[in-house]
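A.B. asks: This is the structure I have questions about; it appears just below.
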Amino acid sequence: MGLSEAPGQNDTQALLSRTQAMELRWRDYRVERPLLNQEQLEELGSRSPALVTLQWRTWFRCSRARAHALLLQYLPVLAWLPQYSVRDWLLGDFLSGLSVAIMQLPQGLAYALLAGLPPVFGLYSSFYPVFVYFLFGTSRHISVGTFAVMSVMVGSVMESLAPDDDFLLGLNSTLDVAARDASRVQLASTLSVLVGLFQVGLGMVHFGFVVTYLSEPLVRAYTTAASVHVFVSQLKYVFGLHLSSHSGPLSLIYTVLEVCWKLPQTVVGTMVTAIVAGVLLVLVKLLNEKLRRHLPMPLPGELLTLIGATGISYGAGLQQAFGVDIVGKIPTGLVPPMAPHPQLFAKLLGNAFAIAVVGFAIAISLGKIFALRHGYRVYSNQELVALGLSNLIGGIFQCFPVSCSMSRSLVQESTGGNTQVAGAISSLFILIIIVKLGELFQDLPKAVLAAVVIVNLKGMVMQFTDVFSLWKANRVDLLIWAVTFVATILLNLDLGLAVAVVFSLMLVVIRTQMPHYSVLGQVPDTDIYRDVAEYSGAREVPGVKVFRSSVTVYFANAELYSDSLKQRCGVDVDYLLSQKKKLLRKQELKLKRLQKENKLPKQAAASKGTSVSISVNTSVVDIGSNNGAEGSKAKASAGTELEDTGARAPEDSKASDMSSLKALGLPQPDFHTLILDLSSFSFVDTVCLKSLKNIFRDFREIEVEVYMAACHAPVITQLEDGHFFDASITKQHLFASVHDAVLFALQHRRSGPIDPVLVTKL
């Protein structure tokens, strides 16, 4: 043991010696520079107003280079396709496109059913938008097409505006499926066009940053709640039930209650088909995860399940024998374009905007993940335009709104996809299926498609674990997650999103109204100032209070900033000001009363002099007798006036001393200087400017000088524009750092020569 410990002891001694040497170097290291206020700093650094470049001027410049740049910006395929490496990338893109197409087929059929539309329209939505995104998109790896969240949002719109109850025929309440489907297709295509218009419009005005208001906890909670909606919507296909249409708030609860109520009516054949298909899909997915490193591409479990289920359904006659509901007729070929119906825009406006924002948020978040992983950049505004054109053109060809799928995007990346050529190849495979092979799936049970949808919810359902991680990491984000989830479950997808966004923004405002205020102290032998409540080694500079807020001050928290400042300083500023005003008012009244009392003897003397002059005209004897008294009174009056004049001078000189807190008998603050650390300020508004001016005025009234420090250049510009600086508050009251302000305050208080050099030992 002794031999083994010797190297450790030597290492410890060596480490200690290095630490001591480093401390010695720190002790010898000093920073020496001039002590700078803002005025001196601007002169030393030659500050000049930043040049404001008007971006809109560049928009109207016309040149060949600018036209070429705009063409590449809005049609990115022209930038990367000429540089496409056929030898390195084509094989990977082909295998990736084939794998995605194999997934796209069952998911397209299933998600169309989820949207309340005939399954073939899921295939259309897997072809047109994908090819359009190939031309205009900037992400190389996301797979655009049908997605569960988008489909369930579309389905809620269909249930609301075209419910089954509106298409019942006769007294026997037979559902006119053809009329219902035609109406819903019209609604869905118009909705897709409107979603596309929103997205293209927002992208053209560079409004891609709107997605930043959807935080990650909000998006994950929303998609998790949407997965619950998706799961509940598929229960009728799993159990073979015919449910009423529910829309609006609490529609999910009503649907669950109705499913529970009608469970005795379950079609056993349908339920068994869904369970068997679901178990097979789960087993294939587990096998793919286990053999992921050994397989060139994942096993097409969904496609194999669809083919097997279709063959069994056709051979065993599941519909006739067991009442299993099947997809039905799937027309071959492409449908002609159809103009949208503008008269429906008013009904679809709110839902279209919600779908546009959610679809873009999902696409850009996945796009940025893959871009970061593979070292390229995704442009949010162009992504918004690309996704909008996909929905706009797709809506004209009777598609419903699409976004990108997480599962297909992961497959597209993991199977060797390098560019959106993989997406184009997958769309070509879907085209072949639409034109030639679609009718082969007419006997496919809808229960199998429901199983495909439910099994693919695994990724979103796993997001429930966010609750545990957020509980440990950030309770506020957990609150956003919980409110978003509950609101989306109870109020449906459109209202739930609105409530979540409003709550998230309100929480931001509330958090700015609950900042951390601190009094700073100096860390010994440094120019670093930290909160004395957190750093036991930090000490307040005697006679100086340094105050800091963790957030910027604006109209919502300006009053709280002022109140917290007065509270943390340990001085009841408002009480001192009110008492000072009251005592000064008493002094003023007392002075007026004394002046009035002094005027009464003067008036009496003046009246006696008048009576003497009258008596002169009447009696010569009185003149002689009164001369002595008059002279004596005149001398007394003159003496009194001289005394008053001599007394006024010292009274004026002592006026300022008499108005001080000490002379008034009021308690004095235990500090002479207040320094406001503005390093956290990112902007100031007019309310903040008024609050700062009031702080200067109030503290100066109680004989405390105020300085500001560590202000950023944009904030200084806003202070100048707001006419904050004047004769009483100049840039000499604003310092480059807190330490500058502290040193200046200490030297200025000593009333000695101010040392122009700041020396700090680190």
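A.B. asks: I need the full set of residues from the range 488-500 which are under 17 Å from the mean Cα position of the chain (by Cα) and either modelled with pLDDT under 90 or basic (K, R) (or both), in order please.
C.D. replies: Correct list: L497, A498.
A.B. asks: Would you check which residues across the range 162-187 are part of a helix (DSSP H, G or I), in contact with a helix residue (DSSP H, G or I) (Cβ under 6 Å, 6 or more places away or on another chain) and open to solvent by 30 Å² or more (accessible area, probe 1.4 Å) and list them?
C.D. replies: Result: F167, A179, R180.
A.B. asks: Output the number of residues of the range 542-562 satisfying the condition of being open to solvent by less than 20 Å² (accessible area, probe 1.4 Å), in contact with a strand residue (DSSP E or B) (Cβ under 9 Å, 6 or more places away or on another chain) and part of a loop (DSSP other than H, G, I, E, B).
C.D. replies: 2
A.B. asks: Further question on the same structure: Pairs only if they're at least six apart or on different chains, beta carbon under 8 angstrom, first in the range 680-697 and of a type outside the set (V, I, T) and open to solvent by 60 Å² or more (accessible area, probe 1.4 Å), second modelled with pLDDT under 95 and not in a loop (DSSP other than H, G, I, E, B); list them, first residue then second.
C.D. replies: Within 8 Å, the pairs are S682/P714; S682/V715; F683/P714; F683/V715; F683/Q718; K690/A558; N694/S562.
A.B. asks: Let me ask another. Identify the residue in the range 358-416 that is in a loop (DSSP other than H, G, I, E, B) and open to solvent by less than 20 Å² (accessible area, probe 1.4 Å) and, among all such residues, is modelled with the lowest pLDDT.
C.D. replies: Filtering first and then ranking leaves T415.
A.B. asks: Just to be sure before I move on: is M506 under 30 Å from F485 (Cβ atoms) and in a loop (DSSP other than H, G, I, E, B) in the structure I sent?
C.D. replies: No, not satisfied.
A.B. asks: Among F131, F167, F136, F147, which is the only one that is more than 21 Å from V357 (Cα to Cα) and in contact (Cβ under 8 Å) with a residue 40 or more places away in the chain?
C.D. replies: Answer to the selection: F131.
A.B. asks: Also, I was wondering about something else. Looking at the range 668-679, which of its residues are surrounded by fewer than 18 Cβ atoms within 10 Å (Cβ to Cβ) and closer than 18 Å to K580 by Cα?
C.D. replies: Matches in the range 668-679: Q668, D670, H672.
A.B. asks: Another one. Out of all the residues in the range 474-486, is one or more among the polar types (S, T, N, Q), at pLDDT 90 or above and surrounded by fewer than 19 Cβ atoms within 10 Å (Cβ to Cβ)?
C.D. replies: Yes, the conditions are met somewhere in the range 474-486.
A.B. asks: Exactly one condition in (1) more than 19 Å from G97 (Cα to Cα); (2) assigned to a helix (DSSP H, G or I); (3) touching a Leu at 6+ places or on another chain (Cβ under 9 Å) is false for I433; which is it?
C.D. replies: (1)
A.B. asks: Looking at the range 650-667, which of its residues are modelled with pLDDT of 75 or more, assigned to a helix (DSSP H, G or I) and either open to solvent by less than 40 Å² (accessible area, probe 1.4 Å) or among the small types (G, A, S) (or both)?
C.D. replies: Listed by number, the residues that qualify are L661, A663, L664.
A.B. asks: Here's a follow-up. Determine whether F464 is in contact with a helix residue (DSSP H, G or I) (Cβ under 6 Å, 6 or more places away or on another chain), open to solvent by 30 Å² or more (accessible area, probe 1.4 Å) and among the hydrophobic types (A, V, I, L, M, F, W, C).
C.D. replies: Taking the combined requirement at face value, the residue does not satisfy it.
A.B. asks: Tell me yes or no: at least one residue of the range 563-585 is out of contact with any strand residue (DSSP E or B) (no Cβ under 9 Å at 6 or more places or on another chain), open to solvent by 80 Å² or more (accessible area, probe 1.4 Å) and among the polar types (S, T, N, Q).
C.D. replies: no
The values are calculated or read from the model by the stated rules, or taken from the named source; none is laboratory data. These numbers come from a predicted model, not from an experiment. So basically every Cβ, Gly included, is an ideal-geometry build from the backbone, and we count neighbours across all protein chains shown. Heads up: the accessible areas ignore ligands, DNA and RNA and are worked out on the full protein's heavy atoms, side chains in. Shrake-Rupley method; radii C 1.70, N 1.55, O 1.52, S 1.80 Å.
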